[in-house]
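Take a look at the structure set out below.
The values are calculated or read from the model by the stated rules, or taken from the named source; none is laboratory data. These figures come from a predicted structure and were not determined experimentally. When we count neighbours, we look across all protein chains shown, and the Cβ atoms used for this are built from the backbone with ideal geometry, even at glycine.
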Amino acid sequence: MASTPTDSTGQTRNVQPQKVQWYNTFVPILLILLTLLVSVSFQGVMLVKDHEALQTTKANQDTALDESNKLRTQLDSIATQTARLAAAGNVNANLIIEKLKANGIMVKATKTSNN
């Protein structure tokens, strides 16, 4: 005969097995997973926006860099021609070359061949 639980008064009491509530752990785990999903999604969106901003900035810098290289080529050409004039004895060209040297800009005249 199976023993039945009794209380302190000696009366038998009805004991029902406790149900394991599966949602006790499901809800916190679900919230954690949803939080992770939202966080990763947010980071992904921010990463894409930052990437687009960097591409735009780089494109803008490439344009400015190309323009500055063109300007540098033109200025080098002008400085070289001025140095040639100075080497040929032009007083004003000598004055310009001296001012450039005083400012720390060195100009080298390239040798030209007369045709």
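Pairing each residue of the range 85-109 that is loosely packed, with under 11 Cβ neighbours inside 10 Å with any residue that is assigned to a helix (DSSP H, G or I) and not β-branched (Val, Ile, Thr), provided the two are 6+ apart or on different chains, yields C-beta distances under 7 Å for LYS108/ALA83.
Residue under question is LEU34, and the condition is that it be part of a helix (DSSP H, G or I) and either loosely packed, with under 10 Cβ neighbours inside 10 Å or modelled with pLDDT of 90 or more (or both); does it hold? Before you say what the answer is, go through the steps one by one.
On the way: part of a helix (DSSP H, G or I): yes; either loosely packed, with under 10 Cβ neighbours inside 10 Å or modelled with pLDDT of 90 or more (or both): yes.
Spelling it out, LEU34 is indeed part of a helix (DSSP H, G or I) and either loosely packed, with under 10 Cβ neighbours inside 10 Å or modelled with pLDDT of 90 or more (or both).
The set of residues in the range 36-87 that are over 27 Å from MET106 (Cα atoms) and of a type in the set (S, T, N, Q) comprises SER39, SER41, GLN43, GLN55, THR56, THR57, ASN60, GLN61, THR63.
For (1) modelled with pLDDT under 90; (2) part of a helix (DSSP H, G or I), each residue gets a yes or a no:
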{"site": "SER3", "(1), (2)": "yes, no"}
{"site": "THR9", "(1), (2)": "yes, no"}
{"site": "LYS19", "(1), (2)": "yes, no"}
{"site": "VAL27", "(1), (2)": "yes, yes"}
{"site": "VAL38", "(1), (2)": "no, yes"}
{"site": "LEU47", "(1), (2)": "no, yes"}
{"site": "GLU52", "(1), (2)": "no, yes"}
{"site": "THR56", "(1), (2)": "no, yes"}
{"site": "ASN60", "(1), (2)": "no, yes"}
